[in-house]
Amino acid sequence: MEFSLITEFKDLGLITWICLATALALVVILTIHFINGKREEQENRHQRTDSTRALVYGALCVALSFSLSYIRIFSMPQGGSLTLASVLPLALYAYWFGPKYGIIAGMAAGLLQFIQRPEIVHWAQPLLDYVFAFGCFGIAGFFRKSLALGIVVGGIGRILFSTISGVVFFAMYAPEGMNPWVYSIGYNTVVLGPDALLAAIIAMLPPVARLFDRVIKKD
């Protein structure tokens, strides 16, 4: 297990640097657009459609999630890491706009995660470990009264998809004599569980919760 607050950026490849730079640029541009657009929205609220707002917020949340994924508290040698609540923006987007938009944004974030550090042993494995797993945080859209609960349920969904992937594609890493299901459930729970738990704890902080609700109510 490797502990580090921030990963070594000097070892990142060209494609990863491009993706990270694009994500950071999106964060800056969309944040400026969001702030400047507030005044215009108050004057003429009905000019912007819900789908446009959903697209702008979705791009911002996916970019934030991708950027936060580079701030890692620890990483496991066989995959998985504890990040600085990188899944929180995805669940928050679903909480704001519903599960349909949330699942799509989660899948998009999963694709970016795959590009960031691609590991392919079978064509179906990236779908389980990245696309479907991150799409689970769109489930938070069903929990409009509790973002934290939505994050936990989404985290459980992510663990389940990664567990299936572990049994099907990575069973050889299980200790001799141990059932691959037991090993995969234990490994993914220990590695991925804290990531969702940290995001849920942050979401429950009163100042954070009030800020999230205030932003969406103003829209």
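The values are calculated or read from the model by the stated rules, or taken from the named source; none is laboratory data. Bear in mind that the values here come from a model prediction, so they are computed numbers and not experimental data. When we count neighbours, we look across all protein chains shown, and the Cβ atoms used for this are built from the backbone with ideal geometry, even at glycine. When the accessible area is computed, the model is the full protein with side chains, heavy atoms only, and any ligands, DNA or RNA have been set aside. Shrake-Rupley method; radii C 1.70, N 1.55, O 1.52, S 1.80 Å.
Quick one: in segment 83-92, of everything that is open to solvent by less than 20 Å² (accessible area, probe 1.4 Å) and not hydroxyl-bearing (S, T, Y), which residue is nearest to A209 (Cα to Cα)?
Ranking the qualifying residues of segment 83-92, first place goes to L92.
Table: residues versus (1) buried (at least 22 other Cβ atoms within 10 Å of the Cβ); (2) free of Cβ contacts under 8 Å to residues at least 40 places away in the same chain; (3) touching an Asp or Glu at 6+ places or on another chain (Cβ under 7 Å).
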{"residue": "A94", "(1), (2), (3)": "yes, no, no"}
{"residue": "F97", "(1), (2), (3)": "yes, no, no"}
{"residue": "K100", "(1), (2), (3)": "no, no, no"}
{"residue": "L111", "(1), (2), (3)": "no, yes, no"}
{"residue": "F114", "(1), (2), (3)": "no, yes, no"}
{"residue": "F134", "(1), (2), (3)": "yes, no, no"}
{"residue": "G138", "(1), (2), (3)": "yes, no, no"}
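Which is under 17 Å from the mean Cα position of the chain (by Cα) and in a helix (DSSP H, G or I), of A199, A209?
Sole residue among the options that is under 17 Å from the mean Cα position of the chain (by Cα) and in a helix (DSSP H, G or I): A199.
Could you pull out the residue among I73, I120, I104 that is of a type outside the set (K, R), in contact with a strand residue (DSSP E or B) (Cβ under 7 Å, 6 or more places away or on another chain) and open to solvent by 50 Å² or more (accessible area, probe 1.4 Å)?
Only one candidate qualifies: I73.
Looking at segment 161-184, I want the residues that are without any contact (Cβ under 8 Å) to a residue 12 or more places away in the chain and have a partner that is assigned to a helix (DSSP H, G or I) with Cβ atoms under 6 Å, at least 6 apart or on another chain. Which pairs are those?
A174/P180; A174/Y183
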